[in-house]
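Mind looking over this structure? Questions follow.
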Amino acid sequence: MKKYLCLFGLIFICNSITFAQSAIEQEIKKLSMDKWQWMAKKEVSKLDDLFDDKARFVHMSGSWKKDRELEIIETGSIWYKNAEVHDSVVELSGNIAVVWNRITLTAFVRGNDVENEFTVTEVYEKQGEDWKMLVFTFSSVRDTHEIEH
């Protein structure tokens, strides 16, 4: 009987850990999707709260820090009009979450609407009660690119 209770307890603990991890993965995935909406709507105050003060952003045209990214979004020099997310993978390691999104991005850049395929890498760190974005990197890919799960 003790053997079965121990086995049941072990299964319960494993399921609880899996559920908790899955819930955190869903929380991060939702945060990532919300971020795309905030960028499209130029909601700089929400993005300011999300981005860590030391965050780095890597785009096709360069790399910069938080203040420059927020300025770009606020002024519309890059207007992230729509990010169609085709696939998403979240992996957790301690208080770090990494998100890979395969997207088709429609953006207004230098007076023109442009559409590009990207895999976007986002790195988040749990800081107190909040998740903060540390890294946001666009990698140009073909439309047939797949993210390995």
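Between their Cα atoms, which of Lys29/Lys132; Lys41/Lys126; Lys42/Lys126; Lys54/Lys126; Lys30/Lys54 are more than 21 Å away from each other?
Lys41/Lys126; Lys42/Lys126; Lys30/Lys54
Also: What FRET efficiency comes out for the pair Ala40/Ile96, r = Cβ-Cβ distance, R0 = 22 Å, nearest 0.05?
That pair, Ala40 with Ile96, gives E of 0.25.
Something else: For the chain, what is the convex hull (Cα atoms) projected area averaged across all directions, in square nanometres?
Spelled out: convex hull of the Cα atoms, projected over all directions, averaged, 10.5 nm².
Over the chain, what is the mean sequence separation of C-alpha contacts under 8 Å (at least six apart), divided by residue count, expressed as relative contact order in percent?
Worked out over the chain, it gives 20 percent.
Turning to a different aspect of this structure: Put +1 on the Cβ of every Lys and Arg and -1 on every Asp and Glu Cβ in the chain; which of Phe138, Val90, Leu70 then has its Cα farthest towards the positive end of the dipole?
Val90
Nearest 0.05, what FRET efficiency do Thr75 and Thr121 give at R0 = 25 Å with Cβ-Cβ as r? List each step's numbers first, then the result.
Numbers: r = 25 Å, r/R0 = 0.99.
That gives a FRET efficiency of 0.50.
Oh, and also: Through the Karplus equation 6.51 cos²θ - 1.76 cosθ + 1.60, θ set to phi - 60°, convert the phi angles of segment 34-39 into ³J(HN,Hα) values in whole Hz; use x for Gly and Pro.
Computed from phi, the couplings for segment 34-39 are 4, 4, 4, 5, 4, 5 Hz.
Using the Cα centre as the reference, give the magnitude of the dipole from point charges on the C-beta atoms of the chain (Lys, Arg: +1; Asp, Glu: -1; all else neutral), rounded to the nearest 20 debye.
About 360 debye.
Throughout, read-outs are computed from the coordinates displayed, never taken from laboratory work. The shown structure was predicted, so the numbers you read here are calculated from the model rather than taken from an experiment. Every residue, glycine as well, gets a Cβ built from its backbone with ideal geometry; the counts of neighbours run over all protein chains shown.
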